[in-house]
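Only one structure is covered here, and it is reproduced in the block below.
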Amino acid sequence: MLQVLEIDAYYGGLKALNEISLHVKESEIVTIIGPNGSGKTTTLRTIIGLLRPKKGSILFKGDHLEGEPTHLRAKRGISFVPEGGRVFSKLSVLENLELGSFSRRDKKEIPGELEMVYSMFPFLRDRRKSLAGTLSGGERQMLAISRCLMLPPIFLLLDEPSLGLGPLVVDEIYRKILEIRMNKVTILLVEQNALKALQIADSGYVYTNGRIALQGTGSELLNNDHVKKTFLGE
């Protein structure tokens, strides 16, 4: 579904990605792990079109994306959840969800998508009139994910969904990620919580200084000595 081929990208004048190549097959969960500043988020921002690669190619279902604006990538079904559960704090939960469907042409389908989101995250129905800024950190993260599901996506980019959240909330979010995949959504996941990410990933990439240092299946990386020592504390 997605092929990233030898891309270089710069962030703030510094080279953040150096000949990055990765691929994601349909219905897979693929994760990218690595230390802060290693280029993980830059990869997602480049795929969604917020940054343009200086060289290399990005293909989605065989079509080149280089130069295509972000809103057109969204119309292809690519959706991006940035880190930190970013929501529109002064808008209601329902208004946040409705904003997620702004680019849809089939407006008649929006009520059905809303019901799907409410069935996956029941608290959103109960809090639909509340300001998004009154939600807890975990609830804001779930709202941010739900807003992207209103597109609806076929390819979901998730950046650090567990950032700053407690273990029970993280467990719930990861259950929802698996549920989203069951709805035939392909997922590329960037995560500091390497254990959680690799446990659910079909395959993964380990970044170091803007390069891919390791790659393999989720289970292979979980059992890799370098990954154990560097990311799993073993």
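Only one of PHE102, PHE155 is aromatic (Phe, Trp, Tyr) and either under 20 Å from GLY84 (Cα atoms) or in contact (Cβ under 8 Å) with a residue 40 or more places away in the chain (or both); which?
PHE155
Looking only at residues that are modelled with pLDDT of 95 or more and in contact with a Lys or Arg (Cβ under 6 Å, 6 or more places away or on another chain) in segment 66-93, which one is farthest from THR208 (Cα to Cα)?
Of everything passing the filter in segment 66-93, SER92 is farthest from THR208 (Cα to Cα).
Might you let me know whether segment 103-110 holds any residue that is among the polar types (S, T, N, Q) and at pLDDT 95 or above?
Within segment 103-110 (the criterion being among the polar types (S, T, N, Q) and at pLDDT 95 or above), the answer is no, since none of the residues qualifies.
Could you tell me which residue of segment 1-60 is nearest to PHE155 (Cα to Cα), considering only residues that are aromatic (Phe, Trp, Tyr) and touching a strand residue (DSSP E or B) at 6+ places or on another chain (Cβ under 7 Å)?
That would be PHE60.
Restricting the search to segment 43-52, which residues are at pLDDT below 95 and of a type outside the set (A, V, I, L, M, F, W, C)?
Matches in segment 43-52: ARG52 only.
With SER130, SER103, SER119, SER89 as the choices, which residue is under 13 Å from CYS148 (Cβ atoms), of a type in the set (Gly, Ala, Ser), out of contact with any Pro (no Cβ under 8 Å at 6 or more places or on another chain) and surrounded by fewer than 18 Cβ atoms within 10 Å (Cβ to Cβ)?
Being under 13 Å from CYS148 (Cβ atoms), of a type in the set (Gly, Ala, Ser), out of contact with any Pro (no Cβ under 8 Å at 6 or more places or on another chain) and surrounded by fewer than 18 Cβ atoms within 10 Å (Cβ to Cβ) holds for just one of SER130, SER103, SER119, SER89, which is SER103.
Yes/no per residue for (1) within 30 Å of LEU99 (Cβ to Cβ); (2) surrounded by 21 or more Cβ atoms within 10 Å (Cβ to Cβ):
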{"position": "ASP8", "(1), (2)": "no, no"}
{"position": "LYS15", "(1), (2)": "no, no"}
{"position": "ILE20", "(1), (2)": "no, yes"}
{"position": "GLU26", "(1), (2)": "yes, no"}
{"position": "ILE29", "(1), (2)": "yes, yes"}
{"position": "GLY49", "(1), (2)": "yes, no"}
{"position": "LYS61", "(1), (2)": "yes, no"}
{"position": "LYS75", "(1), (2)": "yes, no"}
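Results for (1) under 19 Å from SER119 (Cβ atoms); (2) not in a helix (DSSP H, G or I), shown as yes or no for each residue.
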{"residue": "CYS148", "(1), (2)": "yes, no"}
{"residue": "LEU158", "(1), (2)": "no, yes"}
{"residue": "PRO161", "(1), (2)": "no, yes"}
{"residue": "GLY164", "(1), (2)": "no, yes"}
{"residue": "ASP171", "(1), (2)": "no, no"}
{"residue": "LEU178", "(1), (2)": "yes, no"}
{"residue": "ARG181", "(1), (2)": "yes, no"}
{"residue": "LYS196", "(1), (2)": "no, no"}
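The values are calculated or read from the model by the stated rules, or taken from the named source; none is laboratory data. Model, not experiment: these values are computed from the prediction. Every residue, glycine among them, receives a Cβ derived from its backbone with ideal geometry; neighbour counts consider all protein chains shown.
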